[in-house]
Amino acid sequence: MKVAFVSGAYNSPHIFKTLVNIWKARRVAKRLWNEGWAVICPHTNSGLFGDKSLRYYFLHGYISILDRLDPKCDIVYMLKGWQKSQGARAEWTRARMKGMKIIYQR
């Protein structure tokens, strides 16, 4: 099964905006599942774990997962506003280095 990795802004200084970011990513992930993709969505996988000291591990952990994807058939789906996120920019950079197909939300 082909895999779609959802990437975009997660953190915000305000919990409400973080919840909105999670909800937006969840909505896209659900649509991708319905389209037949197996979806990796960091927002819903480790959302609201809360401990800022874990951000380093989340970023490197998701990059490690991204490294395991097959650039021949898997994709990275970039959510609107991804450029504002350090983690999403790192994921985008890794996907480009691997030659993966990147889809941008309109």
> Mind listing the Cα extents of region 13-106 along all three principal axes, in Å, largest one first?
Replying inline: 37, 28, 21
>> Give me 64, 46, 7 sorted ascending by neighbouring Cβ count inside 10 Å, so fewest comes first.
In response: 64, 46, 7
> Counting each DSSP H run of 4 or more residues in the chain as -39500 (n - 2.57), what helix-only mean residue ellipticity at 222 nm follows after dividing by all residues, to the nearest 500 deg cm²/dmol?
Replying inline: -15000 deg cm²/dmol
> Of 35, 91, how do they rank once you tally other Cβ atoms within 10 Å and put the fewest first?
Replying inline: 35, 91
> residue 49 to residue 97: FRET efficiency via 1/(1 + (r/R0)^6), r the Cβ-Cβ distance, R0 22 Å, to the nearest 0.05?
Replying inline: 0.20
> How would you rank 59, 54, 32, going from fewest to most other Cβ atoms within 10 Å of each one's own Cβ?
Replying inline: 54, 59, 32
> Sequence-distant or interchain residues sharing an amide H contact under 5 Å with residue 9, placed H: which?
Replying inline: 82
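None of the figures in this text is laboratory data; all of them are computed from the coordinates on show. All values reported here derive from a predicted model rather than from experimental measurement. Backbone-built Cβ (ideal geometry, glycine too); neighbour counts: all protein chains shown.
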